[in-house]
Amino acid sequence: MVDGFWENPAAAQKQMKKIKDLKKWIDDYEALEGAVEELNLSLEFFQEEAVSEAEVDAAYAAVIARLEDMELRNMLRREEDSMSAVLKINSGAGGTESQDWASMLMRMYMRWGENHGYKVSIANLLEGDEAGIKTCTLNIEGDFAYGYLKSENGVHRLVRVSPFNAQGKRMTSFASVFVTPLVDDSIEVKVETALISWDTFRSGGAGGQNVNKVESGVRLRYQYTDPYTGEQEEILIENTETRDQPKNKENALRQLRSILYDKELQHRMAEQAKVEAGKKKIEWGSQIRSYVFDDRRVKDHRTNYQTSDVGGVMDGDIDDFIKAYLMEFSESAAVEDASE
C-alpha cells in the first residue's frame, strides 16, 4: 500500500471496495473459464462413452448459470447498485387480510436474502391487530442487494380466497414495498443534526418475556426540505432492532442517510425520465405485480413475465422476475451512463 493510504479512512474504504469488486469479477471469470473446460472435457468423454448425456447436460447448465449470473451483475453499473438494501413493507387498506399479505411478503424477501447468502435483519416491526404485520423494515446486507431488489419497488397485489373471510369470498389485498440503498461511510450524505429530534419507547412483542422493560426503541424525526422543490416533510424512522438504545439510534441514523441518498437518486431518475419522454420508465410506487393464488399465477405488469410456481415465489424464488426487470430497464440506464 502507498504511504498514508489509511490516513483518510473514507477514501481508503472506497478504494478497497473497488479492489474487492474487481477481484470478484476476476474470480467469477476464472470460475466460468473452468466450467467451460469441464464442459469440453465432458464432450470428449461422451464421444468415448465415458460419461452419460445427462452429465454433459449438467456441465452445460453449469456454464450457462455462471454466464447468466455474470451478465446479470454486469447490468448493475450504477454506484448505488453494489450497496446493501433497506426494504420497507407497509400493509394497505383491508385490515387483517392486507396485514397477513404484508407478513407473507416479509417472509418472501427474508427467504430470498437468506438463499443468496445475505445478512437479513429486522430493523423495525409493527404487528397486526389480529394477524400479520402493519409495517416492517428489513436490512439486507451484502454486495448488490440493492441492485437486485430495486426491482421490487411498488405495490404488490394479492388475490385469493381469504382464510379470514367467513363466507370464503375471493378478496384482493395490497401491500407496498419500498427499497433504498443502505449507505455506508464511503458515501457522502449531508444530515443537518439541528433538524433531528428523538423519542424513545418500549419495544417488544405481544407480552411475557418479549416485552422490553426499558425504553430501548427509538423514533427519529427529521424535518426535511427538498432542495429542488422547496417542499417540506417530516421523515419518521423507528428502530427496535436491538435492546441497546445507542445502537438503535445509530441504526436509525443510518436509515436516515439511506433515505436522503435515495431522494437524490429519485431526482436523478425523474430528470432522466424527462429526457427519455418517449421511452418506458420505472414507475415508483405503482402496482407492479399480481399474485393470484387460485389461478396459480404470479405476473409482473412491467415486464409481463409470469410463472405458475406460486409456492416457489412465496418461498423467495423471485430471481426470474428480477432478471426480467433488469433486462427490460438496463438498456436505458446504460445509455444514460454512457452519456455522462
Which condition from (1) open to solvent by 30 Å² or more (accessible area, probe 1.4 Å); (2) at pLDDT 90 or above is the one that Ala93 breaks? (2)
Find the residue count for the stretch 157-166, including only residues that are in contact with a helix residue (DSSP H, G or I) (Cβ under 9 Å, 6 or more places away or on another chain) and open to solvent by 70 Å² or more (accessible area, probe 1.4 Å). 2
Output the residue which, of all residues in the stretch 96-111 that are touching a helix residue (DSSP H, G or I) at 6+ places or on another chain (Cβ under 8 Å) and open to solvent by less than 20 Å² (accessible area, probe 1.4 Å), is nearest to Thr240 (Cα to Cα). Tyr109
Exclusive hit being touching a residue at least 40 places away in the same chain (Cβ under 8 Å), within 30 Å of Ala175 (Cα to Cα), basic (Lys, Arg) and in a helix (DSSP H, G or I), set Arg73, Arg77: Arg73
Pairs where the first residue, in the stretch 40-65, is touching a residue at least 24 places away in the same chain (Cβ under 8 Å) and the second is polar (S, T, N, Q), C-beta under 8 Å, 6+ apart: Ala59/Ser42
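So that you can scan it fast, the table gives a plain yes or no per residue for (1) touching a helix residue (DSSP H, G or I) at 6+ places or on another chain (Cβ under 9 Å); (2) farther than 28 Å from Asp143 by Cα; (3) open to solvent by less than 90 Å² (accessible area, probe 1.4 Å):
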site: Lys23; (1), (2), (3): no, no, no
site: Leu43; (1), (2), (3): yes, yes, yes
site: Ser52; (1), (2), (3): yes, yes, yes
site: Val56; (1), (2), (3): yes, yes, yes
site: Tyr60; (1), (2), (3): yes, no, no
site: Val63; (1), (2), (3): yes, no, yes
site: Arg66; (1), (2), (3): yes, no, no
Residue in the stretch 3-19 that is in a helix (DSSP H, G or I), open to solvent by less than 30 Å² (accessible area, probe 1.4 Å) and of a type outside the set (Gly, Ala, Ser) present: no
Within the stretch 292-316, can you find the residues that are buried (at least 16 other Cβ atoms within 10 Å of the Cβ), hydroxyl-bearing (Ser, Thr, Tyr) and assigned to a loop (DSSP other than H, G, I, E, B)? Thr303, Tyr305
Condition first: surrounded by fewer than 20 Cβ atoms within 10 Å (Cβ to Cβ) and within 19 Å of Met314 (Cα to Cα). Now tell me which residues in the stretch 135-152 satisfy that. Thr135
Name the residues in the stretch 167-225 that are of a type in the set (Asp, Glu), exposed (fewer than 12 other Cβ atoms within 10 Å of the Cβ) and at pLDDT 90 or above, would you? Glu192
Considering every residue within the stretch 35-54, establish whether at least one is among the hydroxyl-bearing types (Ser, Thr, Tyr) and assigned to a loop (DSSP other than H, G, I, E, B). yes
Out of curiosity, is Glu114 exposed (fewer than 15 other Cβ atoms within 10 Å of the Cβ) and under 28 Å from Gly128 (Cβ atoms)? yes
Looking at Ser103, Ser52, Ser84, which is the one that is in contact with a strand residue (DSSP E or B) (Cβ under 9 Å, 6 or more places away or on another chain), of a type in the set (Ser, Thr, Tyr) and more than 17 Å from Thr180 (Cβ to Cβ)? Ser103
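The values are calculated or read from the model by the stated rules, or taken from the named source; none is laboratory data. What you are looking at is a predicted structure, and each value in this text was computed from that prediction instead of being measured. Here the Cβ is made from the backbone with ideal geometry for all residues, glycine too, and neighbour counts use every protein chain on show. Each accessible area value is taken on the protein alone, full model and side chains, heavy atoms only, with ligands, DNA and RNA left out. Shrake-Rupley method; radii C 1.70, N 1.55, O 1.52, S 1.80 Å.
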